[in-house]
Amino acid sequence: MKSSSIPTVLSASALAFFIGICFPVQITPKVSPWHFGDANSTFSCSNMLFRFWRPIDSTLAVEGTPSLQANATSEIVAPVKPKGEERLPPNIIVRDSDLHLRRLWGNPREDTPTRKYLLALTIGYNERANVNATVHKFSSNFDVVLFHYDGRTTEWDEFEWSKKAIHVSARGQTKWWYAKRFLHPSVVAPYDYIFLWDEDLGVETFDAEEYVKIARKHGLEISQPGLDTTRGPRPFFDITIRRNDGSEMHKTTLRSPEAKCKRRPCSGFVEVMAPVFSRDAWTCIWHMIQNDLVHGHGLDLDFWRCVDDPEEHIGVVDAQYVAHHAVVTLGTKGGSRANVTARQKAEFSTFKTRMRNALKAQAAALLAPPAAAS
């Protein structure tokens, strides 16, 4: 009798111990679950009882605790982390932003509104005179963001307009590197048009407001100002040359339906130096920019994919035109111009290969028979 009473006493003590830690007298504020040791300790009522109950009911799990597998291994199933907005009430969600500066005082509803359009320039301080002239061609309807490839930002305070612009600095980076990282469609969503320009454009014969009127009038989703070859070098593509025939804009190099295209592209094309995108077109373009291909070479040859009808929605504005000064800025990074040119050519080839492979995969998916229902 004495020997058998010892296990009985031990069992009773163990039961009392578990009851005591799981249902404590609330002399002190209750903490749930009850932890021993530090906050990361796994020695809790929930865990301890769970380990005892597991063999009886393998489907039981305690929320917020690691689950031990049926084979008694130490594999841990991590709790599912929230993915984003689905955890929030719908009326508090804000999906879009902008690049408009806001004051630190007063009623937010009384702040100056976000501008209608956006000018984004990738610049170096050595080109400050030309950049200053360019910005003055854009009205107060434009927010301005400056991407500094030379790391010099505070020097621009000599221009009053610079104090109202957004400045982003990363040494030695290109326009397309900046665009991929700082012009996400959700950030530029408020803007009807995005001007993504180089710094070396002669703007003596350009007015941004008049340009927008023409682009909107002719339904141009992607456009650029015509290039004046009397004040700058002849562009590589004839279609971007400004026509001096009194026309507002042109969409093709062909002068008549019978004419033949001798040097492509003859329509549906603008270059990467001074493109202007509608909001919808930019959303598509942004997704096409490759994160690791920073020069953007060849990207313009595929701009047409981002409009419904390239023959109608892409064009060159002749009435508001610029000159390309062709100033070499980032061309000497990496030790020599040759090294930069080599990467540009390699990126061009890489992009073409990626696009070709993506189109093949898309076609294969469209032609694949539908999966049988299980």
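Structure notes:
- Built amide H within the under 5 Å cut-off of HIS167, gap 5+: LEU146
- Debye intensity ratio I(q)/I(0), log10, the range 280-369, q values 0.12, 0.14 Å⁻¹ (C-alpha model): -0.56, -0.73
- Net charge contributed by nearby residues that have their C-beta within less than 15 Å of TRP156 (K/R +1, D/E -1): -3
- Of the residues HIS287, HIS148, HIS218, the one with the largest accessible area comes first in the ranking HIS287, HIS218, HIS148, computed with a 1.4 Å probe on protein heavy atoms.
- Loop sites in the range 245-305: GluC sites (Glu not before Pro), DSSP, at most 13 other Cβ within 10 Å: GLU258
- Solvent-accessible ranking of PHE237, PHE277, PHE348, largest area first, probe 1.4 Å: PHE348, PHE237, PHE277
- Solvent-accessible area per residue for the range 157-270 (1.4 angstrom probe, square angstrom): 48 Å²
- Taken about its Cα centre, the range 149-247 carries a charge dipole of about 420 debye when Lys and Arg each add +1 at the Cβ and Asp and Glu each add -1 at the Cβ.
- Largest accessible area first, the residues GLU347, GLU210 order themselves as GLU210, GLU347 under a 1.4 Å probe with ligands, DNA and RNA left out.
The values are calculated or read from the model by the stated rules, or taken from the named source; none is laboratory data. As the structure is a computational prediction, the values presented were derived from the model and not from experiment. A quick note on method: Cβ atoms are made from the backbone with ideal geometry, for glycine too, and the neighbour counts reach across all protein chains shown. Calculation scope for accessible area: heavy atoms of the full protein, side chains included, ligands and nucleic acids excluded. Shrake-Rupley method; radii C 1.70, N 1.55, O 1.52, S 1.80 Å.
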